[in-house]
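Chemist: After the structure tokens below, expect a handful of questions from me.
All of the numbers you see were taken from the coordinates with simple rules; none came from a lab. As the structure is a prediction and not an experimental result, all values here were calculated from the model. Here the Cβ positions follow ideal geometry from the backbone for every residue, glycine too, while neighbour counts run over all protein chains shown.
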Number of protein chains: 2
Amino acid sequence: MPDGCSVEAAFEILVGKWKPVILFHLFKHETMKFTELHKAIPDITKKMLTAQLRELEYHDIVHRKIILQIPPKVEYSITEYGKKLRPLLQAINDWGMSHAAHMNELYGIEKSKSE
Amino acid sequence: MPDGCSVEAAFEILVGKWKPVILFHLFKHETMKFTELHKAIPDITKKMLTAQLRELEYHDIVHRKIILQIPPKVEYSITEYGKKLRPLLQAINDWGMSHAAHMNELYGIEKSKSE
DNA sequence: CGGGATCCACTCCGATACTG
DNA sequence: CAGTATCGGAGTGGATCCCG
């Protein structure tokens with residue numbers, strides 16, 4: 001099965017529950033410090049933020065720049081290679097939005113998750 | 001956060017570990033019976049196959065046609081709406097493939113997952 | 001400040017067995 | 001044949017504490 005399988009490979013990199021949000025912020029701000037990211041996504045724990053960032057770094061999607069000084073500082077940014085992801089993410093996002101509208105047509109607006 | 005969040009919504013529908021493969025087969029064969037799908041994806045259990053199919057059905061991506069007879073038969077097919085997913089899946093797949101090549105450049109071919 | 005280590009809770013998935 | 005119900009394991013994410 002040559003085709004349709006790299007989809008899962010792609011998902012392994014993009015899923016992870018927090019990666020889309022992290023990438024979203026990084027695409028917007030170009031460069032963000034660890035703390036800025038953490039404040040932008042308050043619900044994430046430091047552990048998870050670090051873990052997801054490390055994975056993205058491994059996949060050459062984000063770059064980690066360490067600034068040694070007394071209050072240590074680390075800046076994260078999207079790599080040139082990582083920027084290629086943008087149209088794909090955008091396409092997925094567009095589909096997600098239009099699909100939400102489609103679901104709305106079919107079932108009506110569901111606010112609470114049934115009772 | 002209006003943007004970059006529908007990505008996760010889209011993932012909820014497309015991820016699930018088996019959905020891409022199921023969709024892949026369905027896109028190829030137009031119409032498949034439950035057993036055919038099961039034979040096409042031997043590793044999946046009946047429980048999972050049913051569950052994933054039901055979710056896709058709920059999201060109006062696949063259609064379930066029940067043929068009542070003594071050996072019961074059910075045919076699954078992609079809906080018209082579901083066909084819109086094809087280019088998206090293709091794009092994700094393309095990126096996954098090119099990314100695999102990129103990883104190969106960076107780290108070389110890794111066959112075993114390091115002992 | 002950035003991030004690693006440990007422990008725990010929860011969810012997802014597989015194996016098996018049963019039903020219509 | 002198509003599908004459901006139950007159980008149990010594995011993997012994932014969260015809270016907390018500790019280290020540079």
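Chemist: Quick check: the angle from helix B:85-107's long axis to the longest principal axis of chain B, C-alpha only, nearest 10 degrees?
Modeler: Here the helix axis deviates by roughly 30 degrees.
Chemist: Same structure again: Over all distinct Cα pairs, what is the inverse of the mean 1/r for the protein assembly as shown, reported as the Kirkwood hydrodynamic radius in Å?
Modeler: Result for the protein assembly as shown stands at 19.7 Å.
Chemist: Could you please rank B:65, B:84, placing first whichever residue has the fewest other Cβ atoms within 10 Å of its Cβ?
Modeler: Numbers: B:65 11, B:84 15.
Ascending Cβ contact count within 10 Å gives the list B:65, B:84.
Chemist: Measure out, as a whole number of angstrom, how far apart the alpha-carbon centroids of segment A:34-111 and segment B:1-78 sit.
Modeler: Segment A:34-111 and segment B:1-78 have Cα centres spaced 28 Å from each other.
Chemist: Provide the net charge surrounding residue B:51, with neighbours chosen by a C-beta distance below 12 Å and charges set as Lys +1, Arg +1, Asp -1, Glu -1.
Modeler: +3
Chemist: If N is the number of residues in segment B:7-107, what value comes out of its Cα radius of gyration divided by 2.2 N^0.38 Å?
Modeler: 1.20
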